[in-house]
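Just passing along the structure, written as structure tokens.
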Amino acid sequence: MTKGRLEAFSDGVIAIIITIMVLELKVPHGGDLQALRPLLPTLATYAMSFVFVGIYWNNHHHLLHATTRISGGVLWANLHLLFWLSLTPFVTGWMGENHFEPLPVAIYGVDLLLSAIAYFILVRAIVAAEGPHSRVAAAVGNDFKGKISGVLYLVAIPLAFVWCGLALGIYLLVSLIWLVPDRRMERSAVAAPSPTSRA
């Protein structure tokens, strides 16, 4: 499989994930602002999940743009990431429908954590395919943002059973950390040669 096919497939799956999330939004019964009030938790969870999925799409795009080799391990690591991202509509809907109850908030965090781990595995698979002195390896460096994100999720998940608001705040903090793609990855993407990928 070429890099282009992998990116196109991933883009398609992510687009479907976002579509499923928006289809979960119910049309309010009424034409005034009061009719929107019961939907606010669902709208809030949709907005938060849209940002998270968008961050993954953005960083995934930059990562693959800087990549020149696609191995079998990269293919499986990418599918692993897409699996956890594909659960986002389910955990989003559960959390919104139950108005941020502790268990749905914690399970939402578990999905975020496992998505982050899957992205870390994908990056490592690409570095293994590209080599330790590749542009991708140099751009990733010690992956401080990835490591601190995992730690924050591990703190937030059990915290959801004590203080849901703070757990959600930590989830949002992680999104702010990742909102702007790593400039080193952007520079590597610009400097990357034309793809000569192999399956």
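The values are calculated or read from the model by the stated rules, or taken from the named source; none is laboratory data. Computed from a predicted model, the values in this text were never measured in an experiment. For neighbour counting, all protein chains shown are included, and Cβ atoms are generated from backbone atoms with ideal geometry for every residue, glycine included. Just the protein is used for accessible areas: all its heavy atoms, side chains included, with ligands, DNA and RNA removed. Shrake-Rupley method; radii C 1.70, N 1.55, O 1.52, S 1.80 Å.
Taking 0.36 nm per intervening residue step and subtracting the Cα-Cα distance, what contour gain separates Trp163 from Glu97 on full extension?
The span from Trp163 to Glu97 would gain 21.9 nm if fully extended.
Taking the Cα centre of region 45-148 as origin and charging only Cβ (+1 Lys, Arg; -1 Asp, Glu), how large is the dipole, in debye to the nearest 20?
420
Next up: On average, how much accessible surface per residue is there in region 9-141, in Å², for a 1.4 Å probe, leaving out ligands, DNA and RNA?
48
Quick one, which of (1) 11.4; (2) 12.8; (3) 16.0 is the actual mean projected area of the Cα convex hull in nm² calculated for this model?
Read-out taken from this structure: (1).
About its Cα centre, how strong a charge dipole does the chain have in debye, to the nearest 20, once Lys and Arg get +1 and Asp and Glu get -1 at the Cβ?
700
At 1.4 Å probe size, with the rest of the protein present, what percent of the exposed accessible area of the chain is carbon and sulfur atoms?
Details: 7290 of 10290 Å².
Whole-percent figure for carbon plus sulfur exposure: 71.
I would also like to ask the following. Let me have the 222 nm mean residue ellipticity of the chain computed from DSSP H runs of 4+ only, each contributing -39500 (n - 2.57), with the sum over all residues rounded to the nearest 500.
It comes out at -24500 deg cm²/dmol, rounded to the nearest 500.
Averaging the inverse of every distinct alpha carbon separation and then flipping it gives the Kirkwood radius. What is it for region 1-115, in angstrom units?
One decimal place: 15.4 Å for the Kirkwood radius.
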